[in-house]
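The structure appears right after this line, and notes come after that.
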Number of protein chains: 2
Amino acid sequence: MDEMDNQFVTSLKENYQIVFQEIGLLEQAFTHSSYVNEHRNMALSDNERLEFLGDAVLELLVSQYLYRKFPEIPEGKLTKLRASMVREDSLAEFARECGFDQYIRLGKGEENSGGRQRNSLLCDLFESFLGALYLDQELEAVNQFLKKVVFPKVDAGAFSHEMDHKTKLQEVLQRAGDVFIDYRLTNEEGPAHERVFWTEVYCDGQLIGRGQGKSKKAAEQDAAANALRQLNE
Amino acid sequence: MDEMDNQFVTSLKENYQIVFQEIGLLEQAFTHSSYVNEHRNMALSDNERLEFLGDAVLELLVSQYLYRKFPEIPEGKLTKLRASMVREDSLAEFARECGFDQYIRLGKGEENSGGRQRNSLLCDLFESFLGALYLDQELEAVNQFLKKVVFPKVDAGAFSHEMDHKTKLQEVLQRAGDVFIDYRLTNEEGPAHERVFWTEVYCDGQLIGRGQGKSKKAAEQDAAANALRQLNE
């Protein structure tokens with residue numbers, strides 16, 4: 001191992017309490033195919049198979065996290081939220097935050113064409129790291145790593161543009177523990193084809209927002225959006 | 001639980017040594033949304049969230065199985081093979097083999113329109129069962145189930161049309177243990193634009209097939225196909 005690698009091993013230990021038993025797996029995760037192609041005499045393996053595995057590890061752990069965190073959200077919304085978390089630019093950003101971009105071994109051509117900053121490459125790198133960690137230490141170790149790097153982003157609302165207002169309100173209010181949220185229709189007026197509905201939203205019996213709309217559902221979304229706005233003020 | 005369910009619980013135990021601790025999870029996995037819609041007074045949950053989770057559980061376990069079984073296959077081929085294993089008609093067939101189609105709770109409309117035989121519905125059912133099993137008993141229990149139901153199909157070559165001849169030959173020969181397979185170029189003739197290559201394939205030093213083609217790679221594929229043919233005679 002060269003000096004750069006030692007620095008990386010130390011940073012993994014200090015920042016994430018991760019120590020690889022099989023250091024070769026970590027090295028493989030950080031070896032791009034372009035590097036292998038330029039060092040054929042070294043008989044290296046690139047990180048693509050680890051990426052294949054890591055992709056599936058990530059998918060399961062993110063799914064499990066969302067499944068447990070949002071017990072009331074239907075499957076369709078869970079799928080959307082998962083897609084936003086595991087998409088290329090999200091994963092590339094996680095890789096950068098972990099400093100992974102500094103340590104990947106690239107071929108010269110890839111380096112010169114800016115591969116080290118490329119989202120697709122960094123996304124693959126993040127997944128191959130997860131694959132290596134899974135093989136080295138089983139699923140729960142990867143889960144612990146994601147708890148430090150990925151899941152807090154969800155808790156901080158980084159993906160909440162994927163949620164509708166009612167879901168987001170629920171998510172925000174339940175951060176501190178279980179609460180009871182209910183929506184009450186207070187009024188409806190007008191002829192059938194242009195009827196308007198008024199709704200109030202309550203948290204543990206306390207009024208936190210009012211809304212209106214052309215359907216009950218739209219009025220509830222509006223009430224939730226207003227409640228969120230007031231909470232953020 | 002009614003009688004049909006008891007029969008199912010018994011069959012799971014006898015055929016797959018699976019006993020659910022939380023029987024509600026199993027019931028939920030076998031509850032289609034159409035049944036929930038027709039029994040609103042019962043406050044049931046359908047199996048869609050479990051399917052979301054089970055889909056990811058299956059993806060990881062199949063990936064891990066392929067990663068370990070085929071240490072030499074590159075990522076692109078692993079991805080193809082995985083896709084063929086987890087696609088709708090494959091999963092629906094697994095659900096039928098397990099007799100799951102007999103036990104799903106459907107609404108009358110869904111039943112009358114032939115939902116019980118529909119691949120998409122049975123595929124979702126298979127995944128939601130895996131999701132329920134994962135929540136009830138962790139990952140390794142699902143792996144054991146797949147070892148009985150899904151992985152033997154790969155071992156028996158059910159997905160080998162997805163593999164090229166060289167990969168398939170390797171898979172067949174290594175069933176009995178590690179062997180050394182090598183391809184030897186024995187001749188090449190003709191001008192550059194219509195050159196022909198002849199290859200022989202050896203297993204532990206023994207000639208098992210000959211082939212020819214317009215490239216070395218094509219000649220090796222041909223040799224592997226011929227070797228497979230002779231092995232099957």
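Take every residue in peptide B:125-138, count the Cβ atoms of other chains within 10 Å of its Cβ, and give the average of those counts. Write down the numbers at each step before the final one.
Working: counts 0, 0, 0, 1, 0, 0, 3, 0, 0, 4, 3, 0, 0, 1.
So the per-residue partner count for this stretch is 1.
Taking chain A as a Gaussian network, where each spring joins two C-alpha atoms under 10 Å apart, which residue of A:32, A:165, A:193 fluctuates the most?
Maximum fluctuation in the GNM of chain A, among the listed residues, is at A:193.
At residue B:206 and residue B:138, where each label point lies 7 Å from the Cα along Cα→Cβ, what is the point-to-point distance in nanometres?
4.4
For the Cα atoms of chain A, what angle does the longest principal axis make with the long axis of helix A:3-16, in degrees from 0 to 90, nearest 10?
30
Can you list the distances in nanometres, one decimal and ascending, from the residue B:185 label point to the identical position in each other copy, with the point 7 Å along Cα to Cβ?
7.8
Calculate the length of the line joining the C-alpha centroid of the stretch B:176-233 to that of the stretch A:202-225, in whole Å.
Going from one Cα centre to the other spans 71 Å.
7 Å along Cα→Cβ for the label point: how many nanometres lie between residue A:216 and each equivalent label in the other copies, listed shortest first?
Spelled out, the distances from residue A:216's label point are 7.2 nm.
By how many nm would the segment from residue B:89 to residue B:102 lengthen if fully extended, with 0.36 nm per residue of separation less the alpha-carbon distance?
2.9 nm
Restricting to DSSP H runs of at least four residues, report the calculated mean residue ellipticity at 222 nm for the protein assembly as shown, -39500 (n - 2.57) per run over all residues, nearest 500 deg cm²/dmol.
Computed mean residue ellipticity for the protein assembly as shown: -18000 deg cm²/dmol.
Looking for one value pair here: nearest-to-axis residue in chain B (by Cβ) for the rotation onto A, and the distance in whole angstrom.
So the closest residue, with its distance, comes out as B:60, 2.
Scan around residue A:181 for amide H atoms under 5 Å from its own, H built in the peptide plane at 1.01 Å from N, and keep only partners 5 or more places away or cross-chain.
A:204
Using each residue's phi in the stretch A:44-58, evaluate 6.51 cos²θ - 1.76 cosθ + 1.60 at θ = phi - 60° and report the 3J(HN,Hα) Karplus result to the nearest Hz, with x for Gly and Pro.
After applying 6.51 cos²θ - 1.76 cosθ + 1.60, I find 7, 10, 7, 8, 6, 5, 5, 5, 3, 6, x, 4, 6, 4, 4 Hz.
When you look at the Cβ of every residue in B:72-78, what mean number of other chain Cβ atoms sits within 10 Å?
4
Please work out the C-alpha center-to-center distance from the stretch A:1-57 to the stretch A:76-155 and express it in whole Å.
13
Can you pull out the GluC sites (Glu not before Pro) in the stretch A:84-177 whose DSSP state is coil and whose Cβ has at most 16 other Cβ atoms within 10 Å?
On the way: sites: A:88, A:93, A:97, A:110, A:111, A:127, A:138, A:140, A:162, A:171; in loops: A:138.
Taking the stretch A:84-177 and a limit of 16 other Cβ atoms within 10 Å, the loop GluC sites (Glu not before Pro) found are A:138.
List, shortest first and in nm to one decimal, how far the label point of residue A:108 (7 Å from Cα along Cα→Cβ) is from its counterparts in the other copies.
Those separations, rounded to one decimal, come out as 7.7 nm.
Check the stretch B:3-156 and count each lysine pair with an alpha-carbon distance under 17 angstrom, considering only pairs eight or more places apart or from different chains.
8
Considering chain B as a Gaussian network with a 10 Å cut-off on Cα pairs, which listed residue, B:169, B:81, B:185, attains the greatest mean-square fluctuation?
B:185
Values in this text are rule-based calculations from the coordinates and carry no lab data. None of these values were measured; they are calculated from a predicted model. Cβ atoms come from the backbone with ideal geometry, glycine included; neighbour counts cover every protein chain shown.
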